[in-house]
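K.L.:
Quick one: the structure is below, and I'll ask about it shortly.
The values are calculated or read from the model by the stated rules, or taken from the named source; none is laboratory data. Just so we're clear, the structure is a prediction, and the values are computed from it rather than from any experiment. Don't worry about glycine lacking a Cβ; one is built from the backbone with ideal geometry, like all the others, and counts go over all protein chains shown.
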Amino acid sequence: MDAGSTLKKLAALGTAQNRKVYVRHGVTGPVFGVSYADLGKLAQELRGQHELALELWASANHDARVLATMIADPRRLGARELGRWVKTLDNYVLTDAFAKLAARSPAGQDAAVKWLADSGEWVSTAGWSTLCWSLQAGTALEEAELRGHLRLIEKRIHSAKNRTRYAMNSALIGIGIGSPGLRAEALAAAERIGPVDVDHGATGCKTPDAAQYIRKVLGHRGKKKAAKKARATKR
């Protein structure tokens, strides 16, 4: 399927209701309003078609760009391409989808470190979100580097731009959950930071309390581990 056919397919799958939902979540510009369920099905058909992903991103259509992040080959996304894509981000929905892809690119980690320091809301959000997705994927990151990120989060989170605050809070949670050696430091930092105010617009989304979220996830994991051990003992 070429770019033209894919765009026609996306247009046919879009709905007015979904367009309204995406607009409430900050999406601007061309958007068909395709559900994530339909995007996922289409991505299964087109997975790995990297050249198509590049064309879809160039279309500037929101749905096409989200699909591009789903089918692009992260191994073929170098620093230059990531740099071009990150500069075109304009909403948190697409930024998170992009960050998930960037976290799987060999160039993503180094690029993310540069993005963290960017003054723009979406580029800096992409940096913190890429870090968060890397932690969720179990990527090995140096504790010294993560400790530096913790200090930066604590110092700047309340003065950062709106969606950057949310991404920094997510990264804080990611460090607390994904880096056992820094867990106590992350929890202490989260307690000192306290509630993080993020404007979610006309949506029902909320910003999680980092300390509570970390403890909840770890508690759930502990219970699952204990249950698994108990089942193994009965055998």
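K.L.:
What helices (runs of 4 or more DSSP H), lying completely within the range 148-235, carry at least 1 residues that are modelled with pLDDT under 95? Talk me through it step by step, then tell me what you get.
P.N.:
Numbers: elements: 162-178, 183-193, 210-234.
Passing ranges, in order: 162-178, 210-234.
K.L.:
For a quick check of your reading of the model, give me the residue pairs whose first member lies in the range 215-232 and is under 17 Å from Ala186 (Cβ atoms), whose second is surrounded by 10 or more Cβ atoms within 10 Å (Cβ to Cβ), with beta-carbon atoms closer than 7 Å and at least 6 apart or on different chains.
P.N.:
Val217/Ile177; Leu218/Ile177
K.L.:
Related question: Any idea which residue in the range 137-176 is nearest to Ala102 (Cα to Cα), counting only those that are of a type in the set (Lys, Arg) and surrounded by 18 or more Cβ atoms within 10 Å (Cβ to Cβ)? Please lay out each step first, then the result.
P.N.:
The initial filter retains those residues of the range 137-176 that are of a type in the set (Lys, Arg), namely 147, 151, 155-156, 161, 163, 165.
Next, from what is left, pick out any that are surrounded by 18 or more Cβ atoms within 10 Å (Cβ to Cβ): 163, 165.
On the way: Arg163: 18, Arg165: 20 Å.
If we take residues in the range 137-176 being of a type in the set (Lys, Arg) and surrounded by 18 or more Cβ atoms within 10 Å (Cβ to Cβ), then Arg163 is nearest to Ala102 (Cα to Cα).
K.L.:
A further question follows. From Gly40, Gly48, Gly83, grab the single residue that is assigned to a loop (DSSP other than H, G, I, E, B) and either surrounded by 15 or more Cβ atoms within 10 Å (Cβ to Cβ) or in contact (Cβ under 8 Å) with a residue 12 or more places away in the chain (or both).
P.N.:
Details: Gly40 fails: assigned to a loop (DSSP other than H, G, I, E, B); Gly83 fails: assigned to a loop (DSSP other than H, G, I, E, B).
Residue meeting the stated conditions: Gly48.
K.L.:
Let me ask you something else. It is to be established whether one or more residues within the range 87-99 are more than 18 Å from the chain's Cα centre (by Cα) and either modelled with pLDDT under 95 or of a type in the set (Lys, Arg) (or both). Steps first, answer last, please.
P.N.:
The first filter runs over the range 87-99 and keeps only residues more than 18 Å from the chain's Cα centre (by Cα), leaving none.
No; the residues of the range 87-99 include none that is more than 18 Å from the chain's Cα centre (by Cα) and either modelled with pLDDT under 95 or of a type in the set (Lys, Arg) (or both).
K.L.:
Looking at Lys206, Lys216, which is the one that is in the same structural domain as Tyr166 (by TED's automatic domain parsing), exposed (fewer than 11 other Cβ atoms within 10 Å of the Cβ) and under 26 Å from Arg156 (Cα atoms)?
P.N.:
Working: Lys216 fails: exposed (fewer than 11 other Cβ atoms within 10 Å of the Cβ).
Lys206 is the lone residue from the list that is in the same structural domain as Tyr166 (by TED's automatic domain parsing), exposed (fewer than 11 other Cβ atoms within 10 Å of the Cβ) and under 26 Å from Arg156 (Cα atoms).
K.L.:
Can you work out which of the residues in the range 124-147 that are outside any helix (DSSP H, G or I) and either at positive phi or aliphatic (A, V, I, L, M) (or both) is nearest to the chain's Cα centre (by Cα)?
P.N.:
Step one: filter the range 124-147 for residues outside any helix (DSSP H, G or I), giving 137-142.
Now narrow it down to the ones that are either at positive phi or aliphatic (A, V, I, L, M) (or both): 137-138, 140-141.
Values: Ala137: 11, Gly138: 14, Ala140: 18, Leu141: 17 Å.
Only one residue fits best here, namely Ala137.
K.L.:
Anything in the range 21-43 that is farther than 20 Å from Ala53 by Cα and either assigned by TED's automatic domain parsing to the domain that holds His200 or among the hydroxyl-bearing types (Ser, Thr, Tyr) (or both)? List them, or say none.
P.N.:
Across the range 21-43, the qualifying residues are Tyr22, Thr28.
K.L.:
Within the range 103-123, can you find the residues that are part of a loop (DSSP other than H, G, I, E, B) and either crowded, with 21+ Cβ neighbours inside 10 Å or charged (D, E, K, R) (or both)? Can you show your working first?
P.N.:
Applying the first criterion (part of a loop (DSSP other than H, G, I, E, B)) to the range 103-123 yields 103-107, 117-120.
Those that are part of a loop (DSSP other than H, G, I, E, B) and either crowded, with 21+ Cβ neighbours inside 10 Å or charged (D, E, K, R) (or both): Ala103, Arg104, Ser105, Asp118.
K.L.:
So, one more: Can you find a residue that is closer than 23 Å to Lys100 by Cβ and not β-branched (Val, Ile, Thr) anywhere in the range 225-233? Walk me through how you get there before you give the answer.
P.N.:
Start the filter on the range 225-233 by keeping residues that are closer than 23 Å to Lys100 by Cβ, which leaves none.
Within the range 225-233 (the criterion being closer than 23 Å to Lys100 by Cβ and not β-branched (Val, Ile, Thr)), the answer is no, since none of the residues qualifies.
K.L.:
Looking at Arg19, Arg65, Arg24, which is the one that is more than 20 Å from the chain's Cα centre (by Cα) and at negative phi? Outline the logic, then answer.
P.N.:
On the way: Arg65 fails: more than 20 Å from the chain's Cα centre (by Cα); Arg24 fails: more than 20 Å from the chain's Cα centre (by Cα).
Only one candidate qualifies: Arg19.
K.L.:
Give just the number: which of (1) over 24 Å from Gly204 (Cβ atoms); (2) touching a residue at least 40 places away in the same chain (Cβ under 8 Å) does Asp73 not satisfy?
P.N.:
Every listed condition holds for Asp73 apart from (2).
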